[in-house]
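Undergrad: Provided herewith is a single structure, encoded as structure tokens, for subsequent inquiry.
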Amino acid sequence: MSLPAGKNVLVILGHSGHNTFSAALADTYAAAARAAGHTVRTLHLADLNFDPLLHGSNPHQQALESDLLAAQDSMAWAQHMAWVFPVWWGGVPALLKGFLDRTFISGYAFKFNAGSPFPVPLLKGRTAHLLVPMDTPPWYFRWFYRMPAIHQMRKTTLEFCGIRVRKTLSLGPVVSSTPAHRARWLAQAGALAGRI
């Protein structure tokens with residue numbers, strides 16, 4: 001009996017820094033996915049050369065930089081994505097929001113459907129994991145703040161465009177974590193990648 005073929009996996013780091021716990025999570029996830037037989041690409045948004053500001057209301061009037069075109073190609077190539085980003089002020093980092101504003105545009109991630117208020121998702125068939133470190137206790141972020149960053153990514157961005165989020169790993173509080181806490185969270189990230 002043959003083993004199932006590995007998937008094309010894209011790991012996207014939405015933190016603006018490099019030596020961060022978010023970066024460690026992304027690296028651990030990518031290494032575990034490779035060890036599980038998947039083909040992995042990584043995308044560190046801080047390394048891309050692009051304007052994160054959408055100037056005006058029509059993204060099609062602002063030409064995509066070559067790094068964003070390459071990022072769109074990688075997202076189209078991917079069968080599964082891992083989005084790794086911290087929660088800042090209840091939402092996603094500005095760099096990640098700017099990346100989404102510039103790349104998840106009509107004609108690529110969705111298209112408008114004449115006569116219907118609901119656009120057609122164009123990235124169907126893909127799955128995703130969210131790895132979300134935060135300084136707020138995850139239970140408090142869920143029940144008192146109602147998880148705005150996670151809802152933004154899961155419901156109003158990825159699933160809106162057809163990407164099914166299979167699991168969200170909320171980790172924290174990072175600010176008061178010990179090395180043992182962080183080691184356990186990294187192990188959870190690796191285990192999650194092994195279940196793609």
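Any read-out appearing in this document is the output of simple, stated calculations on the displayed coordinates, not a laboratory observation. Note that this is a predicted model, so its numbers are computed, not measured. Here the Cβ positions follow ideal geometry from the backbone for every residue, glycine too, while neighbour counts run over all protein chains shown.
Undergrad: Compute a Gaussian network model of the chain, connecting alpha carbons closer than 10 Å, and tell me which residue from A63, A23, A76 fluctuates the most.
TA: Of A63, A23, A76, the most mobile in the Gaussian network model is A63.
Undergrad: Which of (1) 1.25; (2) 1.44; (3) 1.03 is the computed Cα Rg over 2.2 N^0.38 Å for the structure on display?
TA: (3)
Undergrad: Please determine, in degrees from 0 to 90 and to the nearest 10, the orientation of helix 66-77 with respect to the longest principal axis defined by the Cα atoms of the chain, where the helix direction is its Cα long axis.
TA: That works out to roughly 70 degrees.
Undergrad: Separate question: Report the one residue of N19, A183, G98 whose Cα lies farthest in the direction of the positive end of the charge dipole of the chain (charges on C-beta: Lys and Arg +1, Asp and Glu -1; origin at the Cα centre).
TA: It is A183.
Undergrad: Taking the Cβ of Q62 as the centre, find all other residues whose Cβ is under 9 Å away and add up their charges (Lys, Arg: +1; Asp, Glu: -1).
TA: Details: positive: R102; negative: D51.
For residues surrounding Q62, the net value is 0.
Undergrad: Can I ask one more? With springs only between Cα atoms under 10 Å apart, run a GNM on the chain and tell me which of L48, L96, L186 wobbles the most.
TA: L48
Undergrad: Now, a different point. Any idea which of L158, V120, A109 is furthest toward the positive side of the dipole for region 97-176, if Lys and Arg beta-carbons carry +1 and Asp and Glu beta-carbons -1?
TA: Value computed over the given set: V120.
Undergrad: May I ask for the net charge around N49, where only other residues with Cβ less than 10 Å from the Cβ of N49 are counted and Lys, Arg are +1 while Asp, Glu are -1? Display every interim value, and only then the final one.
TA: Working: positive: none; negative: D47, D51, E65, D67.
Once all neighbours under 10 Å are counted, the net charge is -4.
Undergrad: Can you grab the distance from the C-alpha centre of region 60-80 to the C-alpha centre of region 26-46, Å, no decimals?
TA: The distance from the Cα centre of region 60-80 to that of region 26-46 comes to 18 Å.
Undergrad: Between I12, I105, I150, which gets the highest mean-square fluctuation from a Gaussian network model of the chain, Cα cutoff 10 Å?
TA: I105
Undergrad: Dipole magnitude of the chain about its Cα centre, charges +1 at Lys/Arg Cβ and -1 at Asp/Glu Cβ only, in debye to the nearest 20? Can you show the working numbers first?
TA: Working: 18 positive and 9 negative charges, 172 e Å.
Dipole of the chain, to the nearest 20 debye: 820 debye.
Undergrad: Can you put R126, R142 in order of Cβ neighbours within 10 angstrom, beginning with the fewest?
TA: R142, R126
Undergrad: Based on the mean of other beta carbon atoms within 10 Å per residue, what is the order of 177-184, 158-165, most packed first?
TA: So the peptides 177-184, 158-165, ranked by packing, come out 158-165, 177-184.
Undergrad: Return a whole-number percent for the relative contact order of the chain, with Cα pairs under 8 Å and 6 or more residues apart as the contact set.
TA: Across the chain, relative contact order equals 25 percent.
Undergrad: Here's another thing I want to ask about it. Determine the sum of side-chain charges near A149: Lys and Arg each +1, Asp and Glu each -1, restricted to other residues whose C-beta is under 14 angstrom from that of A149. Present the calculation step by step, with values, prior to reporting the outcome.
TA: Values: positive: K97, R142, R146, R154, K155; negative: D135.
So the surrounding residues net to +4.
Undergrad: Helix 21-35 versus the longest principal axis of the chain: what is the Cα-based angle in degrees, 0 to 90, to the nearest 10?
TA: The helix 21-35 is inclined about 90 degrees to the chain.
Undergrad: Now, a different point. Only bridges with both residues in the chain count here: give the DSSP antiparallel percent, nearest 5.
TA: Working: 3 of 27 bridges.
About 10 percent, rounded to the nearest 5.
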